[in-house]
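Okay, handing you the structure first.
Every read-out reported here was derived from the displayed coordinates using simple, explicitly stated rules and does not represent laboratory data. These figures come from a predicted structure and were not determined experimentally. Every residue, glycine among them, receives a Cβ derived from its backbone with ideal geometry; neighbour counts consider all protein chains shown.
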Amino acid sequence: MNDRIRRRPVIPLRDAAGEPISRRSALQWMAASLALGNGACTPAPEAQLFSAVTMPEAGRGDVPAYYASAFVRDGYALGVLVGTRDGRPIKIEGNAAHPSSLGATDVFAQASILELWDPDRSQLVRQRVPGAEVSTGEPATAVSTWDAFEAAWRQRAADLDVSRGRGLVVLTPRFTSPTQALQMRALLRRFPQARWHRHSPLTAGAARDGSRLAFGRELDTILHLDRARCVIALDADPFSDGPGQVRQARDWAAQRAGIGEGEKTRARGAPRSIAIEASPGLFGARADERVALAPVQIEVLVDEVVALVSGSADADGASPLARRLATALEHAGAASLLIAGRHLSAHTHAQIAKLHQRLGAWGHTLDAIEPLDGVEGLVPDSLQALVEDIDAGRVDTVLVVGGNPAYDSPGTVDFAEALRRVPFSAHLSLDRNETSGLATWHLPASHDYESWGDARGHDGTVTLLQPTIVPLYDSRSPIEWLAFLVDGERHAGKDLVQATWRSRQGLGRLTAGSEDPRFVAWWRTSLRAGFVEGSAAKPVPVPQALPIVAEPRSAATPLVAVFAPDPSLDAGRFANNGWLQELPRPLTKLTWDNALYLGQKTAAMHGLSTGDIARVEAGGRSIDAPVWILAEQAEGVATLPLGHGRRAAGRVGNGVGFDAFALQGEHDAPVAITLTRTGRSHRFAVTQHRIEQEGRELARSVIAGSSIAAGPAKPSLYPPITYPEHAWAMTIDLDACIGCNACTIACQAENNIPVVGAEEVARGRAMHWIRVDRYEADRPAGGSLFQPVPCMHCEDAPCEVVCPVGATVHDSEGLNVQVYNRCVGTRFCSNNCPYKVRRFNFLQYADESTETLKAMRNPDVTVRQRGVMEKCTYCVQRITRARLAAETSGVALSDGDVVTACESACPTRAIHFGDLRDAGSEIVRAKASPRHYAMLDELNTRPRTTYLARSIAAIGIEGRDTA
Amino acid sequence: MSSAAEARITSPGSAVLGPGWGYASIGDKIASIVLTRPAGRLWWLAFGLTSCGVVALGLAIGHLLRRGVGIWGVDIPVAWGFAIANCVWWIGIGHAGTFISAILLLLRQKWRTSINRFAEAMTLFAVAMAGLFPLLHLGRPWFFYWLAPYPNKMDLWPQWRSPLVWDFFAISTYIIVSLLFWYIGLVPDLATLRDRAATRFKRLTFGLFALGWRGEARHWARHQRTYLLLAGLATPLVVSVHSVISLDFAIGNTPGYHSTIFPPYFVAGALFSGFAMVLTLAIPLRRAFDLQDFITTRHLENGAKVLLAMACLVAYSYATEIFTAFYSGDRYEIAITVQRWIGPYAPVYWAMLACNVLTPQLLWFRRLRTNVVFLFVLSLVVNLGMWMERVLIVVSSLATDYMPSAWGIFIPTFWDWVFLLGSISTFVWMFLVFVRVLPAISISEMRELVRESAEGKA
């Protein structure tokens, strides 16, 4: 052995010239390499760093630190708390003090954390290579730097200065940021000849036009569903539309919570919800009465109702429905609220505004405010106008501040083609989307959770954005970029926001480097709260409505299409978000897809059934879309969800579904379409196949005021077990649940639940720990019963007895816990679970390799390996955290210390969680409700998760009690 | 009778043994299949085909271990699919072997003699296949030993209330007892082969396993006693193993699983499919190696009679299941029963009834009971029917249980079929190897039969 080693020849190191290297020079080389290696590292962020002398509040890795910030969607802010661990943002909670949130969130806010950590986010500046194209026909781009762009811009700006900005266009999506508004004005001051164009895919165009018709000026409305005794949604869905959706759902639930409780409510009559809609929405699913009508029919109906309420002569021919609505409105008087949707004409919007005035509803159930997205002194032009200008050669520089107009412009506006021809264009965006590829410069944007900023909530409340992490990539926030565009200098986002508010508060800097203490105090308070106290928009007194000239109604067409944001993807911004792609759409339980929704008769007329691919043609353009027949859909109306069919969304969202923007007209009005069969078919990935309850009482309803009789306690062979310390339990109020899915996605974010993909979902392997079942409501008016189903944490859990290795057991507080390490994966527990809430890792679903996704995960929750079973844990990590906090502080746990992820996200407070041992707790109170019942009680599993039945108001549409 | 005279005894011919066979000729005949007779083209063809199946199963197992059980069509709610159905089916097939060798031995049914050896081998191979599936079906098969009670630092034991633990013991006991029983029976024959083997390697190998058997009276006496004792041990297993397997389902609360009739129902089904498999194997075997004198029409007919009896028992079980569902008034039980009739798996249900209940009724006709070709086809039909029954129990019950919102169906994937066909191939492959390396019919017991039939004649 030794011989062999000794005999091995020694190979001398040689340098490039072939000369042997001495030990000395070898060491020199090594030292140089090390130094070089260090030099290649990313430099530390250019800011002053201080070591922690006293422990900062976010210093402890085991305790999450929450920062008040905002989730901005379509320009409007939803106040949120960004939960960080070890400096990594990992979970979004609602900001309880913020008027748009009140502590709850929607699905988008919950999923925004994945948007931040999306590995497909843009990381580098890219510049178009002139003349070159990639194989798909898109322009070729090459990696560049911010320095290169900035140099290019300075040169361009110098040229533009000469022409006073002629040919310069700034294209923005809708924004409400006061800082950005100031910057827009500054930019247009520097370049007076420049133009501002604005494009957002889902506008409030018809509503504003209606306001102009009725009042002579553009006004937005804020709805107060909590004050409304009769809500009539006309092709609108206050639970999903617009920036106020979370608040509106909350207000509605608060109003509804009074049903059947006390004489007072009875005397006033229960609040009514009526939905007249073309395509079923969440509000319609929950409404007391729902009628499916095409938009044009709804417009006729509104005219009839207006005529009836105002007692004009042409009321004689009114339909029974119009009469009933009019009666209901007259009954409710000023407590009436009509909500009109995007697809109705400006004329109808104006009619409704006027009707509100007649009923005296303004100032009570709704307020008028100045539009929040305006910039003082500036009027934006449309995207259509921009394309015309480009075509006319009037534009040579386009700066696109976010958004994705090349994808989400209507089919009639070919912005993509126009943008290609612009000699200098720059697009700042979070990801390299369809627009990025066409601009000469693509610039990576910082995520909202990485940047300083401000935006307004749905009611105008100014909400501050603060970074919760240093930008992951070399990126700029929109205000930082705009600030650079204005003066060619780099600015820190914080300075920009502070500058705005310093001047707004009228508090200047005393001297350089020393702040006015009043501003410091104001800033700290606002930053901590997440918003500026009392900054909500002041309601505008509604002027006397102008006389409305009846418009000739467009000729009725046999089939029209309306375009709706996808419940999960919105207008396409979230297409690359796996959580949202896989989130079952509330009414269809469809994932990873969109579908052309048709009514039964319309589909039959065209010989189409669910899964058939139809060719949809409108105005010479056509798309192929798979058909989905919805019983609740109005006949003669096809609904096309937007946001799908992305070509440059990223690895998750590319090519999922079809792109309905191609058919969209310039306005939101319905588009006449024709349908033809293609003979091809499509397989949908759905999570729930059956919406009938099969006569089983799973999701139950009771007549308001009556109660569900609790059966006698059933005998059990198992000895009773006592839980001396805590006994955790949950109730889910089916009367409050609107089926919005916020719980599902909050749970996904909290518990590191993997995304499995369309194919696996189609196989029945979706992983959601809390699913929202939808059943047909057992009443003639239709509608849906939504039932969130997490683990029931049965006291006599059927899963536990069948596990051969004891991997699922009960803990001392009554939780049915799953021991991942012990699980061998027999799946017997799932078979034996009557509620089918267990989820199995059939394959390696958790992404164990992508770095950003690792950073996103909740460190308190195990990432599950393939081959193990998982399920709802009642957020055991949160219980543990609360218990530890109680133990260290010496203050006993009190009600509300433990809030599960689903409970916290729920906009309508349908979910309650707490300790049954605490006699005064909310959960004990909920369990004493007359509507309380346990699902599948006859199996005697004694579930800890129980339900409160849906309350059915026993009243007719006239608003009188018939019971 | 002197030993020389005894050696000259020949069989006068009976229902269970052809005429003219003596000790020597029986030994020659059976041993020749192993030692001298060249394998026929058919054997090679079958061997080649099944070898492909074995390789496919091996590759499939590799793929399964690498990717996970998600390669199958199992899902939530149908978390058990072909793997469990296959396991139950294979275990059931094994039962006929034990029944023939143990219970018929104790009942002194002479006709079992010529079929018990290969029936036992069939049991062994079937149980081997059956044992494979529950292991592979685990999410993390490398931890299968956690089901066994072994002392460990963490002081963790299996969870004794779970029928899967009982299952683990039932199957492992079954495999051990079957192996011992089969091996003990083989010992005298191994000695015969040792004595006749031409090459040193064969002599050594057979000799090693013959454990020094010299045919002494003492050897025989002890052998007989052991054999009988083991038969006594194996007898309860015929009933217990499949009863325990059935508890995997019956203990569960799933409608369609939760039923007290399951143990006897499963045992009846097991014998049904087992006897079908005996016929499936016996008919080509006697044809390929000219064993018509040893495996006579009487054997086949007896097998057919057992099949008929079991078919009736199984039919009764089906009827009882339906009756109980409706009699109980339990809406979930009723729903699952109706779902079987008209639900997504209805074609399987009706095909199963045709295979298991309707077709076997033809066996009431003696002409058909003695028609070898018919019996062979029927045995295949029954095997198929019983497999469908297992699939139906496992899958359809889970597909539509308590919550309609969670209902979902199981659609087998390519890999599900590879595992099923691969296990069948491996089973047949093992059997093909078995008939070439070990005596497929017991030489010693056949010789006994010669003597007994001669004495019976005399």
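Going by alpha carbons, how many degrees (0 to 90, nearest 10) lie between the helix axis of B:443-457 and the longest principal axis of chain B?
Its long axis makes an angle of about 70 degrees.
On C-alpha positions alone, give me the angle between the axis of helix B:372-391 and the longest principal axis of chain B, in degrees, nearest 10.
Taking the Cα atoms of chain B, the angle to B:372-391 is about 30 degrees.
Need the C-alpha centroid separation for the stretch A:811-839 versus the stretch A:355-407, integer Å.
53 Å
For Cα pairs less than 8 Å apart in space and 6+ apart in sequence, what is the mean separation divided by the residue count of the stretch B:309-458, i.e. the relative contact order in percent?
19 percent
Moving to a separate point now. Can you list the HN-Hα couplings for the stretch A:783-788, worked out from phi with the Karplus curve (6.51, -1.76, 1.60; θ = phi - 60°), rounded to whole Hz and with x for Gly and Pro?
Each residue's phi maps through the Karplus curve to give x, 10, 9, 9, 9, x Hz.
Rank the residues B:I91, A:I721 as a footprinting-exposure proxy: fewest other Cβ atoms within 10 Å of their Cβ go first.
Least crowded to most crowded, the residues run A:I721, B:I91.
Okay, moving on. Scan chain B and hand back the longest stretch that contains none of the trypsin sites (Lys or Arg not before Pro) lying in DSSP loops with at most 15 other Cβ atoms within 10 Å.
Working: sites that count: B:R8, B:R108, B:K153, B:R161, B:R214.
Result, exposed sites excluded: B:215-458.
If you don't mind, another one. Hey, what angle do you get for helix B:331-342 against the long axis of chain B, alpha-carbon based, 0 to 90 degrees rounded to 10?
It is inclined by approximately 70 degrees.
Through the Karplus equation 6.51 cos²θ - 1.76 cosθ + 1.60, θ set to phi - 60°, convert the phi angles of the stretch A:111-121 into ³J(HN,Hα) values in whole Hz; use x for Gly and Pro.
Karplus values, whole Hz, x for Gly and Pro: 7, 5, 5, 6, 4, 4, 8, 3, x, 8, 4.
While we're on this one: So what's the net charge close to A:A77: Lys and Arg +1, Asp and Glu -1, counting the other residues with Cβ under 11 Å from its Cβ?
Numbers: positive: A:R73, A:R456; negative: A:D74, A:D448, A:D454, A:D459.
Taking every Cβ under 11 Å from that of A:A77, the sum is -2.
How long is the gain from A:S681 to A:W29 if the chain were fully straight, where each residue apart is worth 0.36 nm and the alpha carbon distance is subtracted?
The span from A:S681 to A:W29 would gain 228.2 nm if fully extended.
Need one number: convex hull volume per residue for the stretch B:65-114, Cα atoms only, in Å³.
Convex hull volume per residue, Cα atoms: 105 Å³.
Would you tell me the mean number of C-beta atoms belonging to other protein chains that fall within 10 Å of each C-beta in B:390-403, as a whole number?
3
Once you list every other residue whose beta carbon is under 14 Å from the beta carbon of B:F249, what net charge do they have if Lys and Arg are +1 and Asp and Glu are -1?
Value of the local net charge: -4.
Taking amide hydrogens as modeled 1.01 Å from N in the peptide plane, which residues meet the under 5 Å criterion relative to A:V129, leaving out close sequence neighbours?
So A:V129 has HN proximity to A:A140, A:T141, A:A142.
Do you know the relative contact order of chain A, to the nearest whole percent, from alpha carbon pairs under 8 angstrom that are 6+ apart?
14 percent
Per residue of chain A, what 222 nm ellipticity follows from adding -39500 (n - 2.57) for every DSSP H run with n ≥ 4, rounded to the nearest 500? Mind dumping the intermediate values first?
Numbers: 28 runs with 259 residues, N = 963.
Estimated from H runs of four or more residues: -7500 deg cm²/dmol.
Rounded to the nearest 500, what is chain B's calculated 222 nm mean residue ellipticity when only DSSP H runs of at least 4 contribute -39500 (n - 2.57) each, over all residues?
Helices in chain B give a 222 nm mean residue ellipticity of -23000 deg cm²/dmol.
Separate question: Give a residue-ordered list of calculated ³J(HN,Hα) values for the stretch B:268-279 (Karplus: 6.51 cos²θ - 1.76 cosθ + 1.60, θ = phi - 60°; whole Hz; x for Gly, Pro).
4, x, 5, 5, 4, 6, x, 5, 4, 5, 4, 5
Distance from the Cα centre of the stretch A:641-675 to that of the stretch A:420-497, in angstrom?
26 Å
Pairs to check: A:K494/A:K854; B:K29/B:K110; A:K589/A:K871; A:K494/A:K538. Give those whose C-alpha atoms are more than 22 Å from each other in this structure. Before the final figure, lay out each step's value.
Numbers: A:K494/A:K854 29 Å; B:K29/B:K110 20 Å; A:K589/A:K871 20 Å; A:K494/A:K538 27 Å.
Pairs exceeding 22 Å: A:K494/A:K854; A:K494/A:K538.
Rounded to the nearest 0.05, what FRET efficiency is calculated for A:A151 and A:R394 with R0 set to 30 Å and r the Cβ-Cβ distance?
0.70
So, one more: I'd like the trypsin sites (Lys or Arg not before Pro) in the stretch A:460-536 restricted to DSSP loop residues with at most 13 other Cβ atoms within 10 Å, sorted by number.
Taking the stretch A:460-536 and a limit of 13 other Cβ atoms within 10 Å, the loop trypsin sites (Lys or Arg not before Pro) found are A:R490, A:R509.
For the stretch B:125-204, what's the radius of gyration and Dmax over Cα atoms, in angstrom?
Expressed in Å, the Cα Rg and Dmax of the stretch B:125-204 come to 18.8, 56.
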